[in-house]
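Shown next, in structure tokens, is the structure this report addresses.
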Amino acid sequence: MSTKNEEGRRIPTRRPGQSGGTRAQNRAKREAQLIAAGLDCFLRKGVAASSMDDLAKAAGLSKAAFYRYFDNKEALVALILAPVSASLTTCLSQCGDSIRAAKSLEDVRTAYQLLAASLVQAALKHPQALELYLQECRAPREGASA
């Protein structure tokens, strides 16, 4: 039996083995394989054109193995974009806090300058995921591209 977390990844209600043990390490390795393969496929072909077979083949796993980790492409895309989303949300939140605390127009300008610098840093941390977002934001808002 399993449940889904907020990213749509399957999480068993009870995992066998020790936390941080060999099974957990193998699972993390497989997820990393799928993320890397998905990112590569999505950047080359686009999300809509990348099939589940393409993703599994690129990761060196079976299609059934893909479904052990993710319900669909949307869940994989969400996991790929999660670090970028978290970074951007943090940047915007910090800027909002700075603007609310601003006592002068110069403080507001400084807050926006810091926002710009922090956005650049966030983009540099996850360049391929950001490229995927920018590539797909032009696509129709349906399925994994939404």
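Only the coordinates and a few stated rules stand behind these numbers; no lab work does. Predicted model only: the values in this text are computed from it and were never measured. Cβ: placed from backbone, ideal geometry, glycine included. Neighbour counts: every protein chain shown.
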Top-ranked residue of segment 68-84 - restricted to ones that are within 8 Å of the chain's Cα centre (by Cα) and aliphatic (A, V, I, L, M), ranked as surrounded by the most Cβ atoms within 10 Å (Cβ to Cβ): Leu76
What's the number of the only condition in (1) touching a residue at least 12 places away in the same chain (Cβ under 8 Å); (2) in a helix (DSSP H, G or I) that Ser50 fails to meet? (2)
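Residues Ala78, Ala123, Ala82, Ala117: which one is over 30 Å from Ser51 (Cα atoms) and part of a helix (DSSP H, G or I)? Before the answer, list the steps.
Values: Ala78 fails: over 30 Å from Ser51 (Cα atoms); Ala123 fails: over 30 Å from Ser51 (Cα atoms); Ala82 fails: over 30 Å from Ser51 (Cα atoms).
The match here is Ala117.
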